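Chemist: Here it is, the structure, as structure tokens.
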Amino acid sequence: MEVLLFCPTNELFGVTLQSIWGLEWKEPLHLLFTRDNPHPRGRENIIHGYMAGRAAFLAGDYDAMLTVESDMIIPPDALQRLAALEVDVAYSLYCWRDRPGWNATLGVREDGWPGQFLSDDPTAARAAWGKVIAVTGLGFGCTLIRRRVLEAVEFHLEDEEVPDSMLARAGNLQGWSQVCDMRVVCGHVKRPFWTLWPDPQAEHLYTRRRIWESESSE
């Protein structure tokens, strides 16, 4: 499998770069970092970045794209595990930076949008820990997307939602396979010097560490 690792950057953290360099992958892996932010609004910047990443992907002969956001810390076996699942969209597990909870989403609304977060039910979240579960999204923090998905889903600056939401919704409507590998646990950098990690034993399902603790322990 030939993979394009796409990392749209606004500010690229050293721990993110270090974790990318540490990926264990013996097949062809191409890296694309972009830094082109022509739009004043954050949502439009995000969409613009993924439009550029999708265009670069489709211009090549890649089989899948691994999205790694510039504030993530991914484990060395992330790509190996996600690729082995052989599904249309394979998500890792991480914490949202600006709101409580994990990214894994269950259920589908009538219009195709993802339903509630798995972590909204702590008992179910703890039961799913370490498993591979079917999901309805969400997030591009560390996500492997197969070619047929990116061929079918287009992003536009006029979209009301950001690309990960749009892709998840399209997948739910089209019946694409979407799973979250809850063994692929990632850290999420939160300013000024913290990282958030999913933790089923913690009261609020996450642990907060200092960035340098993440560097030394992951």
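The values are calculated or read from the model by the stated rules, or taken from the named source; none is laboratory data. Everything numeric in this text was worked out from a predicted model, so none of it was measured. With ideal geometry, Cβ positions are generated from the backbone for all residues, glycine too; neighbour counts draw on all protein chains shown.
Chemist: Restricting to segment 126-146, and then to whatever is in contact (Cβ under 8 Å) with a residue 60 or more places away in the chain and more than 16 Å from the chain's Cα centre (by Cα), can you tell me which residue is surrounded by the fewest Cβ atoms within 10 Å (Cβ to Cβ)?
Modeler: Checking each candidate, the answer is Arg126.
Chemist: Could you grab the pairs with beta carbons closer than 7 Å, sequence gap of 6+ or different chains, first residue in segment 86-113 and assigned to a strand (DSSP E or B), second one among the charged types (D, E, K, R)?
Modeler: Pairs that qualify, where the first residue is assigned to a strand (DSSP E or B) and the partner is among the charged types (D, E, K, R), are Ala90/Asp181; Ser92/Asp181.
Chemist: Shifting gears a bit: Does Arg183 satisfy the criteria of being charged (D, E, K, R), out of contact with any strand residue (DSSP E or B) (no Cβ under 8 Å at 6 or more places or on another chain), at pLDDT 95 or above and farther than 20 Å from Arg43 by Cβ?
Modeler: Answer is no for this residue.
Chemist: Okay, next question. With respect to Ser177, is the statement that it is of a type in the set (Gly, Ala, Ser) and buried (at least 22 other Cβ atoms within 10 Å of the Cβ) true?
Modeler: no
Chemist: Exactly one of these conditions fails for Leu205: (1) under 28 Å from Val3 (Cα atoms); (2) touching a helix residue (DSSP H, G or I) at 6+ places or on another chain (Cβ under 9 Å); (3) in contact (Cβ under 8 Å) with a residue 40 or more places away in the chain. Give me its number.
Modeler: Tallying (1) under 28 Å from Val3 (Cα atoms); (2) touching a helix residue (DSSP H, G or I) at 6+ places or on another chain (Cβ under 9 Å); (3) in contact (Cβ under 8 Å) with a residue 40 or more places away in the chain, Leu205 fails exactly one: (1).
Chemist: Only one of His30, His48 is modelled with pLDDT under 95 and in contact with a Leu (Cβ under 9 Å, 6 or more places away or on another chain). Can you tell me which?
Modeler: Numbers: His30 fails: modelled with pLDDT under 95.
Testing whether each residue is modelled with pLDDT under 95 and in contact with a Leu (Cβ under 9 Å, 6 or more places away or on another chain) leaves just His48.
Chemist: For segment 152-188, how many residues meet the condition of being farther than 18 Å from Asp111 by Cβ, within 14 Å of the chain's Cα centre (by Cα) and aliphatic (A, V, I, L, M)?
Modeler: Here the count works out to 4.
Chemist: Do we find a residue being among the small types (Gly, Ala, Ser), touching a strand residue (DSSP E or B) at 6+ places or on another chain (Cβ under 6 Å) and in contact (Cβ under 8 Å) with a residue 40 or more places away in the chain anywhere in segment 157-167?
Modeler: no
Chemist: Those residues that are farther than 11 Å from Leu157 by Cα and crowded, with 18+ Cβ neighbours inside 10 Å, I need them from segment 35-59; list them, please.
Modeler: Hits for segment 35-59 are Gly53, Arg54, Phe57.
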